[in-house]
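Written out below as structure tokens is the structure these notes cover.
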Amino acid sequence: MEKQDIIIIGGGPAGLASGIYAARAALKTTLIEKGMPGGLVANTEYIENYPGFPEGIGGPELAMQMQNQAMRFGMEFKNTNVESIKKMENCFEVITEDGSINTSTVIMATGASPRMLGIEGEGEYHGRGVSYCATCDGALFRDKDVCVIGGGDAAVEEALFLTKFTNKVYIIHRRGELRATKYLQEKAMNTSNIEFKWFSIIDKIEGEATVKKAILKDTRDESLSELSIDGVFIYIGTKPAANLVSDIVKINSNGYIVTDEEMKTSQSGIYAVGDVREKTLRQVVTAVSDGAVAAVSAEKYIEKLADK
Ligand code: NAP
């Protein structure tokens, strides 16, 4: 493939928005995604707070519309895995499973992946009752009792989604107060088949062929109790996917890529957008904003390179 102006790595909203702005500015733009486009949004049933959709919009549909929009302006889409990024003189070599591509700039839109609990039974029952994606697996638990671990927006939103299929959803949270926004908290508190297990963590997941129960530990006195459930949905936050550039750009102590307001990292020519970036609000609306800013920054950088 000929040298690109911009290679975007990751096809969530941040990467797709970068693609729309870059391709529309007539820059040679390729977006590389190893899985399905959409990132975490593609695993979200409904997005209620993205402006312009008063009734909400399905996550997969929003992602597909963004991809179509970028491709209409000429963005190339490559479905492959990026193995490494090498810094060259005035450009970067992006090495993928299907060959290498040179590019003037790279936009890291690699997002974040679900964090694991690291408890006994979690790995053993993954796919047999343990899940990190209610949108993908919720329908398998029709009329069953399940639990969701975590107290943030993701946990509460997915617990609400699970109530549509299941008999009962327990929200297991390690403190006595949720981290989720008030709106979601109120919705959950007013849903009859959600029950909260406060000051609790899961100590162990047990079952036979599939999950049958969770052993809960009280975080105040460490006492143990049993909860009969068929599914465990884990939503305890995410971890950034910054490995590709962790030795060439500045990373903070939690693993997120540090950028300035123009999405520039500590390495000229590399930008970071969306959930992989150090920021205070991780939402679709802030991801797409990052994407637009990075594409415009990259465009200015490419113009300067051409003037040299
Ligand atoms: P989060 O906000 O970091 O919440 C993680 C939750 O898991 C917290 O309640 C935390 O407890 C709990 N937790 C962490 N480690 C744990 C452990 N080892 N054992 C038990 N519990 C543990 O993560 P998130 O909910 O995935 O959200 C990530 C970002 O995306 C946030 O910025 C969020 O606002 C955003 N988001 C927004 C929406 C929306 O607006 N609709 C939807 C999804 C996500 P503590 O509270 O005690 O720390």
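The values are calculated or read from the model by the stated rules, or taken from the named source; none is laboratory data. Quick caveat, the model's predicted, so the values are computed rather than measured. Backbone-built Cβ (ideal geometry, glycine too); neighbour counts: all protein chains shown. Accessible surface areas use protein heavy atoms only, side chains included; no ligands, DNA or RNA. Shrake-Rupley method; radii C 1.70, N 1.55, O 1.52, S 1.80 Å.
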How would MET75, MET189 rank on accessible area, largest to smallest, probe 1.4 Å? MET189, MET75
Check the cysteines of the chain one by one and keep only those with no other cysteine Cβ under 4.7 Å from their own. CYS91, CYS147
Quick one: order ASP145, ASP260 from most to least accessible surface, probe 1.4 Å. ASP260, ASP145
Spacing of the two label points (7 Å from each Cα toward its C-beta) at LYS250 and CYS133, in nm: 3.5
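Could you compute how fast the range 149-284 diffuses translationally, taking Rh as the Kirkwood radius over C-alpha pairs and applying Stokes-Einstein at 20 °C with viscosity 1.002 mPa s? Give it in µm² per second. Could the numbers behind the result be given before it?
Working: Rh = 17.2 Å.
Stokes-Einstein gives a translational diffusion coefficient of 124 µm²/s.
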For the chain, which whole percent of the accessible surface, found with a 1.4 angstrom probe, sits on carbon and sulfur atoms? 47
Assign unit charges at the C-beta atoms only (+1 for Lys and Arg, -1 for Asp and Glu), then state the dipole size of the chain relative to its Cα centre in Debye, rounded to the nearest 20. 340
Dipole of the range 197-308, Cα-centred, from +1 at each Lys and Arg C-beta and -1 at each Asp and Glu C-beta, to the nearest 20 debye? 120
Cα radius of gyration and Dmax for the chain (Å): 21.2, 68
At R0 = 41 Å the Cβ-Cβ FRET efficiency linking LYS34 and ASP221, nearest 0.05, sits at 0.35
Loop-only GluC sites (Glu not before Pro) in the range 37-133, please: DSSP not H, G, I, E or B, and at most 10 other Cβ atoms within 10 Å. GLU55, GLU89, GLU97
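To check you understand DSSP bridge types, tell me what percent of the beta bridges within the range 1-148 (both residues inside) are antiparallel, rounded to 5.
Around 50 percent of the beta bridges assigned by DSSP in the range 1-148 are antiparallel ones.
Dipole magnitude of the range 69-149 about its Cα centre, charges +1 at Lys/Arg Cβ and -1 at Asp/Glu Cβ only, in debye to the nearest 20?
Working: 8 positive and 12 negative charges, 59 e Å.
For this selection, approximately 280 debye.
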For ILE171, what is the net charge nearby, where nearby means another residue's Cβ is under 14 Å from its Cβ and Lys, Arg count +1, Asp, Glu -1? -1
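Please give the length that would be gained between THR80 and TYR183 if that part of the chain were fully extended, namely 0.36 nm times their separation in residues minus their C-alpha to C-alpha distance (nm, one decimal). Write out the running numbers ahead of the final one.
Numbers: separation 103, 0.36 × 103 = 37.08 nm, distance 3.88 nm.
Taking 0.36 nm per residue and subtracting the Cα distance, the gain is 33.2 nm.
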Among GLY274, SER113, PHE196, the residue whose Cα sits farthest towards the positive end of the charge dipole of the chain, when +1 is placed on the Cβ of each Lys and Arg and -1 on the Cβ of each Asp and Glu, is GLY274
For the range 181-289 the GluC sites (Glu not before Pro) that pass both the DSSP coil test and the at-most-14 other-Cβ-within-10 Å test are GLU208, GLU222, GLU261, GLU262
Degrees between helix 59-72 axis and first principal axis of the chain (Cα, 0 to 90, nearest 10): 10
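For the full complex of protein chains and a 1.4 angstrom probe, list TYR301, TYR46 by accessible area with the highest value first. List each step's numbers first, then the result.
Numbers: TYR301 55, TYR46 110 Å².
Descending accessible area places them as TYR46, TYR301.
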